[in-house]
Amino acid sequence: MVFVLKNEYLAKVYADVEKRNPNEPEFMQAVGEVLECLEPVVAKRPDLVKTGIIERMVEPERMITFRVTWVDDKGNVRINRGYRVQFNSAIGPYKGGLRFHPSVNASIMKFLGFEQCFKNSLTTLPMGGGKGGSDFDPKGKSEAEIMRFCQSFMTELQRHIGQFTDVPAGDIGVGGREIGYMYGQYMRIRNEFTGVLTGKGLAYGGSLIRTQATGYGVCYFAENMMAAKGESFMGKTVVVSGSGNVAIYAAEKAQTMGAKVVAMSDSDGYIYDKDGIQVSVVQQIKEVERGRIKEYADRVKGAVYTQGCRGIWSIPCDVALPCATQNELNAEEAELLLKNGCKVVSEGSNMSCTAEAITVFLKAKILFGPSKASNGGGVATSGLEMSQNSLRLSWSAEEVDEKLKGIMKSIYENSYAASKEFGDEGNLVMGANIAGFLKIAEAMKAQGIAY
Ligand code: NDP
């Protein structure tokens with residue numbers, strides 16, 4: 001165990017979770033990080049211990065796994081596994097993305113679902129936590145195969161979701177196209193037009209800025225951290241890992257705020273452009289052509305492509321925005337970033353940094369935004385999409401963006417305030433975990449226990 005749990009009660013909770021969830025390293029990592037931060041809360045709030053709040057929170061309310069059968073273009077029958085983890089609904093309907101990636105398994109679903117509870121709580125909106133997806137690999141599939149898979153996936157998922165029950169969104173491998181196919185299938189089966197998914201197209205109930213929201217939010221969060229030190233993105237050199245939904249809009253916003261983004265990546269390798277990445281070229285390659293980041297170097301003079309995505313952290317920068325996937329930045333890479341002058345890290349992907357990497361950053365006292373706080377802009381704007389659907393109204397891009405900025409500021413301020421109140425001022429990992437936890441804990445306590 002990399003976590004230091006001095007408190008006997010929390011150490012026991014961790015050991016019990018480990019026993020009940022063998023071979024689930026990602027889930028244990030997410031639980032360990034939260035428990036480590038809750039030590040001062042446990043000391044101050046024996047009532048939460050007595051009511052078993054923490055033991056209850058580490059067990060999902062419900063976990064559904066299902067078979068997804070579909071037929072590929074050659075007529076072969078293909079089988080994948082689908083998941084929906086409904087983790088905690090104490091403060092609102094379950095809410096969280098769907099991930100389509102071959103690495104998806106129970107551990108990854110549970111880590112994401114668990115983190116989502118805290119993140120959603122921090123947004124200040126009434127949303128519980130959930131996550132779902134499949135081990136389906138969208139890479140190399142035709143448009144028709146993607147559509148058939150999405151339809152088959154929703155044929156089962158639709159029984160478990162609803163606008164007041166559980167509202168999924170996108171994540172890795174699930175963007176506007178997939179949400180559209182799943183929404184269509186939901187309507188075919190249920191004969192109702194409700195805001196049951198977020199990240200919908202603008203023509204059928206989507207919100208302006210939702211596509212950009214996670215990436216923009218990562219930058220707004222970083223800007224809040226920097227502003228407290230009298231700094232900003234202006235003139236900074238930035239490295240953004242990934243080149244998907246979160247990465248593209250984080251890069252775009254960082255540039256708009258005056259920074260120069262010099263590198264981006266995909267799972268094969270990374271590009272370096274000393275003149276500043278042209279985000280529109282990345283968008284053309286990744287969003288329109290669904291190609292590889294390597295092609296950027298063929299199109300932009302002076303840009304260099306290097307095979308192997310992890311090398312991206314060797315590029316000197318002031319600000320690092322990891323926006324690809326979990327555990328994409330380890331302790332050695334964290335040390336390297338520091339050595340090269342990095343002063344700010346704002347996580348775009350969920351649990352971007354290993355526990356050891358976070359320790360390196362916290363020890364160095366650089367500005368570190370944990371994903372629960374820094375990438376909450378996506379789900380927050382999903383929450384705004386739900387509000388607009390319920391109101392039967394659409395807000396302007398400016399209105400949504402203003403609300404998003406306000407929410408990111410609140411997430412920063414609430415996390416900072418909790419870090420101060422509980423004795424480690426400026427440690428936003430601790431602050432975000434505690435602030436997110438307390439709201440859910442109060443709700444669970446108020447709602448009692450069903451005997
Ligand atoms: P996308 O599928 O749009 O993009 C994912 C990007 O990450 C791609 O460039 C992909 O490269 C790269 N990637 C995936 N797996 C790996 C890996 N093992 N190593 C290196 N690179 C990898 O996903 P999103 O941008 O939506 O999601 C990125 C992260 O942000 C995830 O952690 C997600 O949970 C998190 N997030 C997303 C939100 C959203 O609104 N979309 C909200 C909050 C968090 P390749 O094309 O080669 O696979």
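The values are calculated or read from the model by the stated rules, or taken from the named source; none is laboratory data. The structure presented is a predicted model; accordingly, all values stated were derived computationally and were not measured. Every residue, glycine among them, receives a Cβ derived from its backbone with ideal geometry; neighbour counts consider all protein chains shown. These accessible areas exclude ligands, DNA and RNA; they are computed on the full protein's heavy atoms, side chains included. Shrake-Rupley method; radii C 1.70, N 1.55, O 1.52, S 1.80 Å.
Taking a ≥ b ≥ c as the square roots of the Cα gyration tensor eigenvalues, segment 353-451 comes out oblate, since a/c reaches at least 1.5 and a/b does not exceed b/c. When both segment 419-451 and segment 62-100 are represented by their alpha-carbon centers, they are found 29 Å apart. The residues of the chain present an accessible area of 40 Å² per residue when probed at 1.4 Å with all protein chains retained. Straight-line reach from residue 12: taking Cα to Cα under 14 Å and skipping same-chain neighbours fewer than 8 places apart, the aspartates and glutamates in range are 36, 39, 55. Couplings 3J(HN,Hα) for segment 371-386, derived from phi with the Karplus relation 6.51 cos²θ - 1.76 cosθ + 1.60 (θ = phi - 60°), are 3, 3, 9, 6, 9, x, x, x, 5, 4, 6, 4, x, 5, 5, 4 Hz, where x marks Gly and Pro.
Modelled spin-label separation between residue 365 and residue 391, with each label point placed 7 Å from Cα along the Cα-to-Cβ direction: 4.4 nm. Full extension of the segment from residue 301 to residue 56, taken as 0.36 nm per residue of separation minus the current Cα-Cα distance, would add 82.7 nm. Phi-derived couplings, Karplus 6.51 cos²θ - 1.76 cosθ + 1.60 at θ = phi - 60°, listed residue by residue for segment 296-312: 4, 5, 6, 9, 10, 5, x, 7, 10, 10, 10, 5, x, 6, 6, x, 4 Hz, with x used for Gly and Pro.
Highest-first packing order for the peptide set 428-434, 32-38 is 428-434, 32-38, based on the mean count of other beta carbon atoms within 10 Å. Calculated FRET efficiency, residue 335 to residue 189, Cβ-Cβ distance, R0 = 35 Å: about 0.10 to the nearest 0.05. For segment 197-211, backbone phi angles converted through the Karplus equation (6.51, -1.76, 1.60; θ = phi - 60°) give residue-by-residue couplings of 10, 10, x, 6, x, 5, 6, 9, x, x, 9, 4, 6, 4, 4 Hz, Gly and Pro being listed as x. Explain nothing, just the number: relative contact order of segment 62-194, from Cα pairs under 8 Å at least 6 residues apart, as a whole percent. It comes to 29 percent, rounded to a whole number.
Carbon-plus-sulfur accessible fraction, the chain (probe radius 1.4 Å, protein heavy atoms only): 53%. Per-residue extension of 0.36 nm, minus the Cα-Cα distance of residue 421 and residue 8, leaves a gain of 146.4 nm for this segment.
The simple spin-label model puts a point 7 Å past each Cα toward its Cβ; for residue 203 and residue 81 those points are separated by 3.7 nm.
Given their separation in residues at 0.36 nm each and the Cα-Cα distance between them, residue 19 and residue 294 gain 94.7 nm when the chain is fully extended. Principal axis extents of the Cα atoms in the chain, from largest to smallest and rounded to whole angstrom, are 62, 55, 43. Using +1 at the Cβ of each Lys and Arg and -1 at the Cβ of each Asp and Glu in the chain, identify which of 197, 345, 327 lies farthest towards the dipole's positive end. Farthest towards the positive end: 197. Here the label points at residue 413 and residue 275, each 7 Å from Cα along the C-beta direction, are separated by 4.3 nm in the simple model. Mean sequence separation of contacting Cα pairs (under 8 Å, at least six apart), scaled by the length of the chain, corresponds to a relative contact order of 15 percent. Over the residues of the chain, the helix contribution to mean residue ellipticity at 222 nm works out to -14500 deg cm²/dmol, using -39500 (n - 2.57) for each DSSP H run of at least 4. Each Lys and Arg adds +1 at its Cβ and each Asp and Glu adds -1 at its Cβ; summed about the Cα centre, the chain shows a dipole of about 620 debye.
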